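The structure appears below as structure tokens.
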Amino acid sequence: MARKTMKSLVRALIAAALAAIQIGAASAADTIRIAAQKTGTFAWELAIIRTHGLDKDAGLTLDVRELASPEAGKIALRAGDADIMISDWLWVSRERSLGAKLAFYPYSSALGAVMVPTASPIKTLADLKGRRLAVAGGPIDKSWLLLQASLQQDGINLKSDSTIVYGAAPLVAAQMLNGDMDATVNYWNFCAALEEKGFRRLAPIQDIVQRFGAKGPVAMVGYVFEEEWANANRDRLARFVDMTRKAKQILSTSDSAWEEIAKLTGAADAATLRAYRDRYREGIPHRRIEDEEKDARVLYRVLAGIGGRDLVGPASDLDPGTYYHALPGD
């Protein structure tokens with residue numbers, strides 16, 4: 001009897017071990033490692049995904065690595081420590097031209113704006129000539145380059161005709177609030193906050209984009225991943241994108257969802273939170289991937305022309321494999 005009991009126990013232990021191995025394998029197969037900036041807007045979506053159980057509905061386990069900056073996310077992706085991060089198609093194309101096979105899928109078309117005080121005498125972009133202009137992100141920031149290229153069409157060289165100061169987005173916003181600058185080019189969420197503090201939009205960057213022939217709002221930032229990983233995990237990636245679309249749908253239709261993430265956004269008051277909500281909703285992509293790519297090719301040439309190799313690398317055109325086309329419904 002003892003021998004039978006021992007055999008039964010051994011069988012039970014083996015069965016349990018095999019089950020644990022299968023569960024572990026399934027979990028690993030459905031895990032996506034995400035590199036996300038702790039204070040970025042992607043963190044807002046990830047919070048909604050967790051709160052509403054969208055990851056469980058999609059059969060996914062999200063291993064989120066919170067990072068301090070977009071550059072840290074790029075390093076994590078290229079080092080193989082993350083599967084997905086948020087970046088722009090310009091960087092993806094540049095990396096591809098240097099031999100890295102990355103791919104891009106649109107995440108948001110929310111872009112910043114040129115902001116001025118409400119009572120400012122600056123009424124048009126041409127009025128920026130001779131003014132003090134604070135630029136977030138540095139000399140090769142895409143919005144800044146697009147603004148320069150736009151005014152060059154009118155014979156205005158902002159770099160030589162105006163006083164330009166570069167800085168981190170929070171610092172640039174503070175300079176405007178202190179009255180140290182006449183105008184600023186900043187990221188969309190900082191522009192939204194400035195709107196609630198007595199500033200107005202002189203020109204949204206998306207309007208400037210249209211001047212170069214884009215047919216609609218262009219998603220400059222998107223999900224970025226290794227092409228090889230995406231091809232080996234088509235179903236997992238499709239479930240991930242579908243899950244994030246559902247998160248966007250919640251944020252686009254539910255005002256109470258914004259209360260859930262209010263602290264995460266860093267909004268100082270209810271008015272600023274509403275501004276974040278409205279601008280975020282405007283930036284949700286709804287265009288076909290083919291149309292996004294066509295406009296990106298147009299903008300790439302503009303940016304390459306003014307930003308040069310420091311911005312785009314050795315390629316004169318958007319790399320043909322930059323956009324990922326293998327998701328259902330695209």
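The values are calculated or read from the model by the stated rules, or taken from the named source; none is laboratory data. Just so it is clear, the model here is predicted, and its values are computed rather than measured. Positions of Cβ are backbone-derived with ideal geometry, glycine not excepted, and every protein chain shown enters the neighbour counts.
Residue by residue, here is whether (1) of a type outside the set (Lys, Arg); (2) free of Cβ contacts under 8 Å to residues at least 12 places away in the same chain; (3) assigned by TED's automatic domain parsing to the domain that holds residue 77 holds:
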{"residue": "221", "(1), (2), (3)": "yes, no, yes"}
{"residue": "229", "(1), (2), (3)": "yes, no, yes"}
{"residue": "232", "(1), (2), (3)": "yes, yes, yes"}
{"residue": "245", "(1), (2), (3)": "no, yes, yes"}
{"residue": "248", "(1), (2), (3)": "no, no, yes"}
{"residue": "262", "(1), (2), (3)": "yes, yes, yes"}
{"residue": "271", "(1), (2), (3)": "yes, no, yes"}
{"residue": "287", "(1), (2), (3)": "no, no, yes"}
{"residue": "301", "(1), (2), (3)": "no, no, yes"}
Matching residues in segment 230-252 - criterion: being over 23 Å from residue 53 (Cα atoms) and surrounded by fewer than 19 Cβ atoms within 10 Å (Cβ to Cβ): 231, 232
Matching residues, segment 161-190, being touching a residue at least 40 places away in the same chain (Cβ under 8 Å) and assigned to a helix (DSSP H, G or I): 175, 176, 188, 189, 190
Hits in segment 276-304 - residues which are in contact with a Leu (Cβ under 9 Å, 6 or more places away or on another chain), farther than 13 Å from residue 218 by Cβ and not in a loop (DSSP other than H, G, I, E, B): 277, 280, 281, 301, 304
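Here is a yes/no grid of residues against (1) under 13 Å from residue 185 (Cα atoms); (2) in a strand (DSSP E or B); (3) small (Gly, Ala, Ser); (4) free of Cβ contacts under 8 Å to residues at least 60 places away in the same chain:
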| residue | (1), (2), (3), (4) |
| --- | --- |
| 91 | no, no, no, no |
| 111 | yes, no, no, no |
| 115 | yes, yes, no, no |
| 122 | no, no, no, no |
| 126 | no, no, yes, yes |
| 134 | yes, yes, yes, yes |
| 150 | no, no, yes, no |
| 155 | no, no, yes, yes |
| 159 | no, no, no, yes |
Among the candidates 87, 93, 97, 108, residue that is at pLDDT 90 or above, of a type in the set (Gly, Ala, Ser) and within 21 Å of residue 252 (Cα to Cα): 108
Which numbered condition residue 193 misses (of (1) exposed (fewer than 15 other Cβ atoms within 10 Å of the Cβ); (2) touching a residue at least 40 places away in the same chain (Cβ under 8 Å); (3) within 21 Å of the chain's Cα centre (by Cα)): (1)
Test: residue in segment 200-223 that is touching a strand residue (DSSP E or B) at 6+ places or on another chain (Cβ under 8 Å) and surrounded by fewer than 17 Cβ atoms within 10 Å (Cβ to Cβ): yes
So residue 73, is it touching a strand residue (DSSP E or B) at 6+ places or on another chain (Cβ under 9 Å), small (Gly, Ala, Ser) and not in a helix (DSSP H, G or I): no
Residue in segment 11-25 that is modelled with pLDDT of 50 or more, of a type outside the set (Gly, Ala, Ser) and either touching a Pro at 6+ places or on another chain (Cβ under 6 Å) or outside the structural domain of residue 188 (by TED's automatic domain parsing) (or both) present: yes
Long-range neighbours under 9 Å by Cβ, at least six apart or interchain, first residue surrounded by fewer than 19 Cβ atoms within 10 Å (Cβ to Cβ) within segment 61-88, second among the polar types (S, T, N, Q) and in a loop (DSSP other than H, G, I, E, B): 68/39
Subset of segment 123-164 that is under 28 Å from the mean Cα position of the chain (by Cα) and of a type in the set (Ser, Thr, Tyr) - its residue that is farthest from residue 311 (Cα to Cα): 150
